[in-house]
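The values are calculated or read from the model by the stated rules, or taken from the named source; none is laboratory data. Since we're looking at a predicted model, the values are computed, not measured. Here the Cβ is made from the backbone with ideal geometry for all residues, glycine too, and neighbour counts use every protein chain on show. These accessible areas exclude ligands, DNA and RNA; they are computed on the full protein's heavy atoms, side chains included. Shrake-Rupley method; radii C 1.70, N 1.55, O 1.52, S 1.80 Å.
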Amino acid sequence: VPLPSEFLDGLRSIAGAEYVRTDESSRTAFAADALKRGAHPPDAVIFPDGADQISAVVRLCREHKVPFVPRGGGSGFTGGSVPVRGGLVISLERMNRILEIDEANLIAVVEPNVITGQLQEAVERVGLFYPPDPSSLNQCAIGGNVAECAGGPRAFKYGTTKQYVLGLEAVLPNGDVVRTGGKVVKNVVGYDLTHLLVGSEGTLAIITRVILRLIPKPPARTTLRATFDTIEAAADAVTRVIAHRVIPASLELIDGDSLEAVAQYLNVRALAPERTAGLLLIEVDGLAEAVAEEAVRCEQACREAGATEILRAKDEAERQELWRVRRELSPSLKTVSPIKFNHDVVVPKARIPDLFGLVRRLKEEYGLRIPCFGHAGDGNIHVNIMVTPGNEEEMRRAHDAERVLFQGVVALEGSISGEHGIGFAKARFLPIELSQPTIELMKRVKQAFDPDGLLNPGKIFPD
Ligand SMILES: Cc1cc2nc3c(=O)[nH]c(=O)nc-3n(C[C@H](O)[C@H](O)[C@H](O)COP(=O)(O)OP(=O)(O)OC[C@H]3O[C@@H](n4cnc5c(N)ncnc54)[C@H](O)[C@@H]3O)c2cc1C
């Protein structure tokens with residue numbers, strides 16, 4: 001059913017006609033996110049500026065019973081911003097201003113669509129630091145990060161987005177504007193609605209302003225790369241680094257299959273010593289003296305675990321070179337196959353060897369290619385099940401394998417998503433991890449915020 005002209009006129013009078021689009025190419029541009037599974041074009045897209053406009057838009061949607069979906073940078077991996085039931089996409093892209101960097105109180109106040117990397121650069125210019133660093137930081141926005149509770153390599157030491165959100169302004173599905181938390185680090189008045197909205201995947205409210213905690217920028221850092229013959233030895237090194245009482249800022253693990261893909265992608269013969277089955281990228285940061293001491297301890301831990309080679313970046317250029325492999329991972333897997341089920345599973349770090357054991361069984365039993373890499377420091381491993389386009393039989397095996405993966409991860413006391421969320425891609429797997437009473441409680445929360453079910457329908461909960 002096409003949107004009523006009265007509704008479209010209403011949108012135009014709220015945001016201005018140039019900020020309301022119904023043409024084919026705009027609708028196509030908002031039909032998918034980085035999940036790239038299917039195309040679900042919205043009936044219209046609006047680019048409002050300000051909570052007042054969003055509030056008016058939402059009230060109009062309610063009046064006409066039109067579903068609406070907030071969208072940030074569109075880099076989500078689970079289809080969170082995809083309008084699976086059609087309706088209106090509310091793009092936050094015009095709301096991209098840094099409102100305040102308060103150096104005395106170590107706080108930043110931002111509109112939702114400030115690009116994460118740009119906020120980091122702005123605060124670092126004044127010696128401050130915003131640690132959450134999803135690899136998509138040049139594309140994703142703070143609002144999307146809050147909605148997904150984004151993590152990244154630095155989460156091991158510094159935590160994920162939720163550790164930095166002090167307060168929010170948000171538009172509820174009935175059009176009311178609420179403010180939660182504030183500029184203080186201590187605030188226990190009433191329920192913690194701030195952290196109910198963090199990770200709510202755009203299903204409870206539309207975030208229009210974010211108050212973030214900042215920390216001083218660590219003055220020094222050292223980057224190491226250690227290689228191992230087996231993935232078990234690399235996992236053992238992770239345990240040993242922690243046993244040496246070091247919490248690196250990043251502790252990234254890359255398996256042999258992923259390394260090979262990057263080498264192919266970059267067209268180099270080898271990126272690491274021959275037969276490398278596990279590579280660790282370790283970065284320690286802080287005061288120079290502490291960093292020097294911690295780097296030595298990390299090298300010792302890697303040697304104890306049987307590292308075949310340990311490199312230390314001498315300058316920023318060498319550091320960039322070491323990180324390059326990590327950064328090129330996502331695009332390079334496309335050389336293996338354009339279709340991948342990218343699962344950001346997480347287990348307690350001591351169970352990482354068990355997780356790799358599980359992946360090995362899946363590779364053997366289902367005959368699949370499954371390169372893995374990820375944030376070993378917090379047990380968050382990206383397991384990429386690769387599928388050849390057009391191979392229906394392999395696709396079936398891959399679907400069977402992903403279910404067994406999720407069951408195995410939950411059995412290891414882990415979780416089926418560490419940072420990408422559920423969206424529509426993983427909704428059917430929710431009952432593997434959450435009990436029925438837990439899901440019912442979550443649905444009652446959704447009901448309390450959005451009784452008409454118009455905000456981002458078809459997400460998180462299985463039909
Ligand atoms: C190459 C690549 C690397 C990635 N690496 C990481 C990584 O290291 N760590 C990580 O955590 N993620 C990673 N991601 C996933 C993705 O970047 C994150 O989930 C990110 O937080 C999404 O932000 P976005 O602004 O693009 O949100 P979108 O994709 O636009 O939206 C994501 C969800 O948030 C909701 N939303 C967006 N804005 C708002 C708002 N203002 N109010 C309410 N809801 C809103 C949407 O409805 C949707 O449900 C990666 C993605 C890519 C493509």
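For the range 432-463, a residue qualifies if it is more than 28 Å from D378 (Cβ to Cβ) and outside any helix (DSSP H, G or I), and the qualifying residues are D450, P451, D452, G453, L454, L455, P457, G458, D463.
Every residue, every condition in (1) away from the ligand (no atom under 16 Å from the Cβ); (2) touching a Gly at 6+ places or on another chain (Cβ under 7 Å); (3) of a type outside the set (G, A, S), yes or no:
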{"site": "R403", "(1), (2), (3)": "yes, no, yes"}
{"site": "R428", "(1), (2), (3)": "yes, no, yes"}
{"site": "Q436", "(1), (2), (3)": "yes, no, yes"}
{"site": "M442", "(1), (2), (3)": "no, no, yes"}
{"site": "P451", "(1), (2), (3)": "yes, no, yes"}
{"site": "K459", "(1), (2), (3)": "no, yes, yes"}
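In summary, strands (runs of 3 or more DSSP E) completely within the range 52-143 and bearing 1 or more residues that are within 9 Å of the ligand (Cβ to nearest atom) and more than 19 Å from the chain's Cα centre (by Cα) occur at 88-91. For the range 421-463, residues that are open to solvent by less than 30 Å² (accessible area, probe 1.4 Å) and in contact (Cβ under 8 Å) with a residue 40 or more places away in the chain total 13. Of the residues that sit in the range 178-195 and are touching a residue at least 24 places away in the same chain (Cβ under 8 Å) and open to solvent by less than 70 Å² (accessible area, probe 1.4 Å), which one is nearest to the chain's Cα centre (by Cα)? Per the criteria, the residue is T194. With the structure loaded, tell me whether G202 is on the phi > 0 side of the Ramachandran plot and more than 16 Å from the chain's Cα centre (by Cα) or whether it fails that test. No. Would you please name the residue that is farthest from F156 (Cα to Cα), looking only at residues in the range 412-431 that are part of a loop (DSSP other than H, G, I, E, B) and of a type in the set (D, E, K, R)? Among residues in the range 412-431 that are part of a loop (DSSP other than H, G, I, E, B) and of a type in the set (D, E, K, R), the one farthest from F156 (Cα to Cα) is K426.
Applying the set (1) over 21 Å from L35 (Cα atoms); (2) open to solvent by 40 Å² or more (accessible area, probe 1.4 Å) to L412 leaves exactly one unmet item: (2). Could you identify the single residue in G390, G357, G374 that is within 16 Å of the ligand (Cβ to nearest atom) and either part of a helix (DSSP H, G or I) or at positive phi (or both)? The unique qualifying residue is G374. None of P216, P153, P131 is open to solvent by 70 Å² or more (accessible area, probe 1.4 Å), in contact with a strand residue (DSSP E or B) (Cβ under 9 Å, 6 or more places away or on another chain), touching a residue at least 40 places away in the same chain (Cβ under 8 Å) and not charged (D, E, K, R) except P216. In this structure, is A32 open to solvent by less than 20 Å² (accessible area, probe 1.4 Å) and either within 15 Å of the ligand (Cβ to nearest atom) or under 24 Å from the mean Cα position of the chain (by Cα) (or both)? The answer is no for A32. Is one or more of the residues making up the range 407-414 free of Cβ contacts under 8 Å to residues at least 12 places away in the same chain and within 29 Å of P132 (Cα to Cα)? Yes, some residue in the range 407-414 is free of Cβ contacts under 8 Å to residues at least 12 places away in the same chain and within 29 Å of P132 (Cα to Cα).
Please go through the range 177-203 and pick out each residue that is away from the ligand (no atom under 15 Å from the Cβ) and not polar (S, T, N, Q). G181, G182, K183, V184, V185, K186, V188, V189, G190, Y191, D192, listed by residue number.
For the range 334-347, does any single residue satisfy the condition of being aromatic (F, W, Y), part of a helix (DSSP H, G or I) and surrounded by 17 or more Cβ atoms within 10 Å (Cβ to Cβ)? Scanning the range 334-347, I find no residue that is aromatic (F, W, Y), part of a helix (DSSP H, G or I) and surrounded by 17 or more Cβ atoms within 10 Å (Cβ to Cβ), so the answer is no. Scanning the range 394-427 for residues that are under 16 Å from D344 (Cα atoms), among the basic types (K, R) and out of contact with any strand residue (DSSP E or B) (no Cβ under 9 Å at 6 or more places or on another chain) yields one hit, R403.
Does the range 154-165 contain at least one residue that is more than 9 Å from the ligand (Cβ to nearest atom), out of contact with any Lys or Arg (no Cβ under 7 Å at 6 or more places or on another chain) and under 30 Å from L60 (Cβ atoms)? Yes, that holds for at least one residue.
Restricting I231, I206 to those that are within 16 Å of the ligand (Cβ to nearest atom), of a type outside the set (D, E, K, R) and either open to solvent by less than 20 Å² (accessible area, probe 1.4 Å) or closer than 30 Å to R94 by Cα (or both) reduces the list to I206. If you take the residues in the range 8-29 that are open to solvent by less than 30 Å² (accessible area, probe 1.4 Å) and either of a type in the set (A, V, I, L, M, F, W, C) or within 27 Å of A425 (Cα to Cα) (or both), which one is farthest from the ligand (Cβ to nearest atom)? Among them, the one singled out is L8.
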